[in-house]
Amino acid sequence: MREKLQRMLGFMPARDVLRKEILAGVVAYFAVVYIVLVNATILSDAGIPLKAGMAATLLISIISCLVIAFLGKSPIIVVPGMGVNAFFTYTLVRSMGLSWQEALMVVTVSGLLFAIVAFTSLHRLISQAIPAMLQLGITVGIGLFLTFVGLQKSGIVIAHQTTFVTIGHFNDPKVIVSCVTLLVAVVLVIRNVPGGLLISILFGTIMAHLLGVGSAANIGEGSVISAYTPLFGAFTLEGMLRLPFWIAVFLLLLILVFENIGLIGAQTDMAQRPETFKGSLRALSISNILAGLIGSSPTVAAAESTAGIAAGGRTGITPLITAVLFGATFFFIPWLGYIPDSALAPVLIVIGAMMTQAIQEIKFSNFADSFPAFLIIVMIPFTYSIVDGMAFGFIAYPVVKLAQGKGREVPKILYGIAILFLANFVVNALL
């Protein structure tokens, strides 16, 4: 049985190698387990009950890690993604006006289309058609957006009637906890401490309760199963005949394709097993179909997978171990409600900062090429909408190229995307 399982995972490790794989799975788990409450908190802003959101996050993480373990046979950990969960809540639901049930249907349909892309050569065609500058702009823009959300949840930035935002009140214990927790998180990340973000959350939680500002969140009464059951299969077909639904599907598909190709490519290279790329991408497409059914925002190849890879993870045994540990986490869901926003918000800020590092690859010395990316970067946080920020950049790109007399260099698919974005603005203006 042991040999059969290991053969399915694509590797027959010796005892010492197996020990490394198990350790890698444990390290990866502690590096990424913070996502359970952070993702559920963001989903709750869309209207999904907190306890149900935690259960859905755990369930899709378990299934996704198992799928990539057996199909991808790679050491990549798959969980609901930071950035794409913000797109789910703050763009699909809050900005575009979809219900969270309709947004889950968007996730499912996007997952089906992602599967078509992943199981064919389309993923190469799409990724090659979209200029790298625009892809980088999306990453940086979402990073700034997450940072802004974190600053708001922490109280470091608050609303202002005249200037829209201003600095918070530093005599507020919640703000003090957020600032100290942020410093701790930054130090741990810089020192490459395994599970640094999780440790910072635990530190912030203890500090908040010691200062008397760590009241428990209302995660509802009853068992986890009873709380989660209404969320399973809760997506709805309503809204599928409306233009915003399909614009949302198209945008989410672009994000999933770009982000996962980049993340999988980087991590399979680190693991020195490039042949796992195709299987991993297909596994991710399957997990995204299931995400909508289970009731979660889309999944991605977690950047924290690098922690497990650095600890010796090379095969599907690593995500298999992580999946087992995610399963054990179900018993701790009632305790997760004691973690306050002041302990979670700093994690959003740190992750946002990590995502903005991609800005160094944008060549701002070339104004024509960088301007569309610049628009995406600034308009995503300033409009509080990922879709509107992307729209400005994708519309500007062909305009800039036409102004240069290089209109023929723009792929036809980009003209189509620009027209769709423009049509969305026109339709919304007329409604």
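The values are calculated or read from the model by the stated rules, or taken from the named source; none is laboratory data. All values reported here derive from a predicted model rather than from experimental measurement. So basically every Cβ, Gly included, is an ideal-geometry build from the backbone, and we count neighbours across all protein chains shown. Note: accessible area is taken over every heavy atom of the protein model, side chains too, but ligands, DNA and RNA are not part of it. Shrake-Rupley method; radii C 1.70, N 1.55, O 1.52, S 1.80 Å.
Beyond a 20 Å Cα-Cα separation, which of these cross-linked pairs lie in this structure: LYS363/LYS412; LYS278/LYS363; LYS20/LYS73; LYS51/LYS174? Pairs exceeding 20 Å: LYS363/LYS412; LYS278/LYS363; LYS51/LYS174.
In terms of solvent-accessible area of protein heavy atoms at a 1.4 angstrom probe, what is the ranking of ARG408, ARG19, ARG282, ARG124, highest value first?
ARG408, ARG19, ARG124, ARG282
I need the semi-axes of the equivalent ellipsoid of the stretch 104-245: take the C-alpha gyration tensor, multiply each eigenvalue by 5, square-root it, list largest first in whole angstrom.
After diagonalising the Cα gyration tensor, the semi-axes are 36, 24, 19 Å.
Length gained on full extension, PHE330 to ILE419, computed as 0.36 nm times the residue gap minus the Cα-Cα distance: 27.5 nm. Working from label points 7 Å from Cα in the Cα-to-Cβ sense, the LEU125 to SER226 distance is 5.2 nm.
When shorter helices are ignored and each DSSP H run of at least 4 residues is given -39500 (n - 2.57), the per-residue value for the chain at 222 nm works out to -21000 deg cm²/dmol.
Eigenvalues of the alpha-carbon gyration tensor of the stretch 344-389, scaled by 5 and square-rooted, set the equivalent ellipsoid semi-axes at 22, 15, 5 angstrom, largest first. For semi-axes √(5λ) of the Cα gyration tensor in Å, the candidate list reads [x] 32, 28, 22; [y] 37, 25, 21; [z] 39, 31, 20; the entry that matches the value derived from this model is [x]. Considering only protein heavy atoms and a 1.4 Å probe, what is the carbon-and-sulfur percentage of the accessible area of the chain? The nonpolar share, carbon plus sulfur, comes to 68 percent. For ILE48, ILE225, the ranking by accessible surface with the largest value first comes to ILE225, ILE48, using a 1.4 Å probe. Each Lys and Arg contributes +1 and each Asp and Glu -1, all at the Cβ; summed about the Cα centre of the chain, the dipole is approximately 920 debye. For the stretch 132-196, dividing the convex hull volume of the Cα atoms by the residue count gives 115 Å³ per residue. Over the C-alpha atoms of the stretch 283-355, the Rg to Rh ratio, Rh being the Kirkwood estimate, stands at 0.99. Relative contact order for the stretch 130-207: 18 percent, from Cα pairs under 8 Å spaced at least 6 residues apart, divided by residue count. Heavy-atom accessible area, probed at 1.4 angstrom with all protein chains present, ranks LYS51, LYS153, LYS406 as LYS406, LYS153, LYS51, highest first. In the stretch 19-71, the C-alpha radius of gyration followed by the widest Cα-Cα span (Dmax) gives 13.0, 42 angstrom.
Normalised by residue number, the volume inside the convex hull of the Cα atoms of the stretch 299-431 is 212 Å³ per residue.
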